[in-house]
Amino acid sequence: QPGGRLTLQADVAGSWGKTSTPFIKADFELTKGSFTHLETGSKIKNIGLTGSFASTQGKRAEVLNLTAFSGETRNGKFKGRVQITGFKKPVLDLNLSADLDLSELEGIISAGAADDLAGKLVADINYRGAVQTGSQMAVAANGFVRLSGVGFTPQGLDVKAKDINGQFELKNGRIWVDGLSAVVGESTLQISGFFDNLIGYILFTDQPLHFDIRFSAGKFRLEDFMANSGAKTDSSGQSSIFPPGVSFNAGFSINEFSYKKFTASQASGSLSLDDNVLRASDLKFSALDGKATATGLLNGRYGNHAQVICNAKLTNVDIPRMFNEFSDFGQTSLQSRHMKGRGDATIQYAATLNNRFETDEASVAA
């Protein structure tokens, strides 16, 4: 629901028909403006802006230019300028300074990939680049964004991200992060590295996100980072068990790792996600009262199911515990209660999982 006083002067010239539209040039000013998101009650007030608009003329694209804008929330404020060139393939030129409580913007800026916003954001950024799907994050970007106590619920996950603290630095179209800490579900993370298109992914729908990071975790629960039950559909109409449009490379060290009944400690290795395939390499960890190394992949390209392939070497492990934590590898003939003792093993394992990550017993090959 908008409010405020708008002063407008416009010139309209040219023919109007099936194949032609007149040229429009307008100058405008908004004073004492407001914008209220009715569903959540979030409100931006005391909005002031001056700007101009010129429609398409010949080969020249539309230009919407806000030479100055400012506004307030209940406990925050912002100011800056912005120019949008071309509406079919828009290019954004933005200068923004902000000091905001994100909970006061719920529903206004979180319509893309996140809900339940909370925490403090301080930003001073310059950004120039395209905003359509598949574009690089920016032709040029610099500045910083500082987060304090930020929380949100990523769409597609059952968990909440909270206690996010750290500073992002924008450099040449990437967002670099050093010393970012966060709690996601039961997992606690420390992250450094860079993100491509993080702003576009948060603020707009159908935007890709790529990141290259190193992270450490006191505790890491894999379920905290898996999509909700049921395959997700991306912008091309393909379904996926992973969040659509997300790819990454990540090196890690984890004190405590868990997935369902399986637990491990002192884990390290590398993970990558690309085109709905999660790959793991150079994995080393202590588990099953012994040691293990492994490589593997989880192929999520099949929509309503996924294929897992794993090669592992186990040293001095507790055999009944191994069968128990891997749910007897999806079969009932030989179970953990039937055996005892310890052993070494070299394993090749493959199976099909449904979109709830449950093993199809008939598919198991080991």
Please list, ordered by first then second residue, the pairs with beta carbon atoms under 7 Å, 6 or more apart or interchain, first in segment 148-159 and at positive phi and part of a strand (DSSP E or B), second open to solvent by 30 Å² or more (accessible area, probe 1.4 Å) and modelled with pLDDT of 70 or more. Gly149/Lys120; Gly149/Asp163; Gly149/Asn165
If Ile254 meets every condition in (1) in contact with a Lys or Arg (Cβ under 7 Å, 6 or more places away or on another chain); (2) farther than 18 Å from Ile347 by Cβ; (3) aliphatic (A, V, I, L, M) apart from one, which number is that one? (1)
Could you please find all residues in segment 269-309 being within 25 Å of Asp212 (Cα to Cα), buried (at least 18 other Cβ atoms within 10 Å of the Cβ) and small (Gly, Ala, Ser)? Gly269, Ala294, Gly300, Ala306
Could you check segment 300-315 and list, in sequence order, the residues that are in a strand (DSSP E or B) and at pLDDT below 90? His305, Ala306
Flagged in segment 316-333 as surrounded by fewer than 14 Cβ atoms within 10 Å (Cβ to Cβ) and modelled with pLDDT of 90 or more, in numbering order, are Asn316
Unmet requirement for Arg356, which otherwise passes all of (1) touching a residue at least 40 places away in the same chain (Cβ under 8 Å); (2) part of a strand (DSSP E or B); (3) surrounded by fewer than 16 Cβ atoms within 10 Å (Cβ to Cβ); (4) not polar (S, T, N, Q): (2)
Which numbered condition in (1) surrounded by 15 or more Cβ atoms within 10 Å (Cβ to Cβ); (2) among the polar types (S, T, N, Q); (3) closer than 19 Å to Pro2 by Cα is the only one that Asn46 fails? (1)
Out of the residues in segment 195-219 that are at pLDDT below 90 and polar (S, T, N, Q), state the one that is surrounded by the fewest Cβ atoms within 10 Å (Cβ to Cβ). Thr205
Please pick out the residue among Gly107, Gly3, Gly80, Gly33 that is open to solvent by less than 40 Å² (accessible area, probe 1.4 Å), at positive phi and part of a strand (DSSP E or B). Gly80
Would you check which residues across segment 241-266 are in a strand (DSSP E or B), open to solvent by less than 30 Å² (accessible area, probe 1.4 Å), free of Cβ contacts under 8 Å to residues at least 60 places away in the same chain and out of contact with any His (no Cβ under 8 Å at 6 or more places or on another chain) and list them? Ala250, Gly251, Phe252, Ile254, Ser258, Ala264
All-but-one check, Lys89 against (1) open to solvent by 70 Å² or more (accessible area, probe 1.4 Å); (2) under 30 Å from Lys162 (Cβ atoms), failing number (2)
Restricted to segment 11-29 and to residues being at pLDDT below 95 and among the small types (Gly, Ala, Ser), the residue farthest from Ser52 (Cα to Cα) is Gly17
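The values are calculated or read from the model by the stated rules, or taken from the named source; none is laboratory data. Keep in mind the model is a prediction, meaning the values are calculated, not measured. Glycine gets a Cβ as well: all are built from the backbone with ideal geometry, and neighbour counts include every protein chain shown. Surface accessibility is based on the protein's heavy atoms, side chains included, excluding ligands, DNA and RNA. Shrake-Rupley method; radii C 1.70, N 1.55, O 1.52, S 1.80 Å.
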